[in-house]
Amino acid sequence: MAQVLVLYGSTEGQAATVAERIADVLETAGHEPAVVHIKHRPEPFDLTDYDAVIVGASIHMGKHQKYVRKYVKKHADELNRLPSAFFSVSLAAADDSEEGWEGAREYVAEFLAETGWNPDATAVVPGALKYSQYGTLKRFVMKQIAKRTSGDTDTARDYEYTDWNEVEGFTSDFAESLP
Ligand SMILES: Cc1cc2nc3c(=O)[nH]c(=O)nc-3n(C[C@H](O)[C@H](O)[C@H](O)COP(=O)(O)O)c2cc1C
């Protein structure tokens with residue numbers, strides 16, 4: 001049984017929901033997960049108190065949350081010494097075209113190059129379009145992004161593209177690799 005930290009950043013909540021699902025899968029696999037928002041870390045907080053770490057973040061305007069990039073860069077050495085995995089939530093990952101998939105992988109490559117972290121596993125996770133939660137400007141911006149990616153532009157409803165089977169598969173594989 002391993003103590004596994006699921007550390008994440010999220011702006012509209014989808015990466016938070018993914019983090020919770022990952023924790024459920026880890027628990028079912030017999031591990032002890034702790035889900036922590038990077039901005040709301042308990043005090044004291046030490047990565048080395050855990051046997052393994054999964055970090056998650058989502059993409060806004062082509063980048064993962066700045067506070068996630070900053071934290072991971074600062075703690076890259078500790079993360080590199082632990083079994084670790086990264087998941088990246090984006091709309092690009094929801095785009096079935098080759099271009100969309102490559103874009104989602106490129107976000108991950110940029111994040112890892114910037115932070116100096118080398119996780120054992122990575123996953124690109126299709127996110128959500130939550131038009132009902134966006135203000136006027138965000139709704140407009142997202143409609144333009146949606147035109148290029150998922151194609152769902154009916155702002156009267158929300159869309160969730162996350163493939164929960166894939167999230168579970170990614171987590172199960174990681175869980176099995178732990179002592
Ligand atoms: C203002 C805004 C900008 C976004 N920019 C991008 C982007 O550049 N590329 C992309 O693939 N997804 C983009 N997305 C989609 C988000 O990654 C997606 O909605 C995700 O589910 C958000 O995760 P969160 O709820 O954890 O913040 C954007 C979303 C918003 C609201």
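Here, each number is a calculation from the coordinates, and none is a lab measurement. Everything numeric here is computed off the predicted structure, so don't read it as measured data.
A few remarks follow.
- Value of relative contact order over the chain, rounded to a whole percent, pairs C-alpha under 8 Å and six or more apart: 23
- At full extension, SER132 and ASP163 could sit 9.1 nm farther apart than now, given 0.36 nm per residue minus the alpha carbon distance.
- Linear extension gain, THR28 paired with ARG139, 0.36 nm per residue minus alpha-carbon span: 36.2 nm
- Taking one quarter of the surface of the convex hull spanned by the alpha-carbon atoms of the chain gives a direction-averaged projected area of 9.9 nm².
- Among GLY127, GLY100, GLY62, residue whose mean-square fluctuation peaks in a GNM of the chain (springs only between Cα atoms under 10 Å): GLY62
- Gap separating the Cα centres of region 51-76 and region 87-111, nearest whole Å: 15
- Hull volume in cubic angstrom per residue (convex hull over the Cα atoms of region 1-75): 83
- Across region 52-66, computed HN-Hα scalar couplings (Karplus, 6.51 cos²θ - 1.76 cosθ + 1.60, θ = phi - 60°) run 7, 9, 10, 10, x, 7, 10, 9, 9, 6, x, 9, 6, 3, 4 Hz from first to last residue, x flagging Gly and Pro.
- Under-5 Å amide H pairs with ILE54, H placed in peptide plane, nonlocal only: LEU5, VAL6, LEU7, ALA85
- 3J(HN,Hα) from dihedral phi, region 40-45, Karplus parametrisation 6.51/-1.76/1.60, rounded to Hz, x for glycine, proline: 10, 6, x, 10, x, 9
- Cα-based helix-to-principal-axis angle, 164-176 vs the chain, degrees rounded to 10: 20
- Note that region 4-11 has calculated 3J(HN,Hα) couplings of 10, 8, 10, 10, 8, x, 7, 9 Hz, one per residue in order, obtained from phi through the Karplus relation 6.51 cos²θ - 1.76 cosθ + 1.60 (θ = phi - 60°); glycine and proline are x.
- Crossing angle, helix 98-115 versus the chain [Cα axis fit, 0-90 degrees, rounded to tens]: 40
- Helix-derived mean residue ellipticity, 222 nm - over the chain, DSSP H n ≥ 4, -39500 (n - 2.57), to 500: -13000 deg cm²/dmol
- Where both bridge residues fall in the chain, DSSP classifies roughly 15% of the beta bridges as antiparallel.
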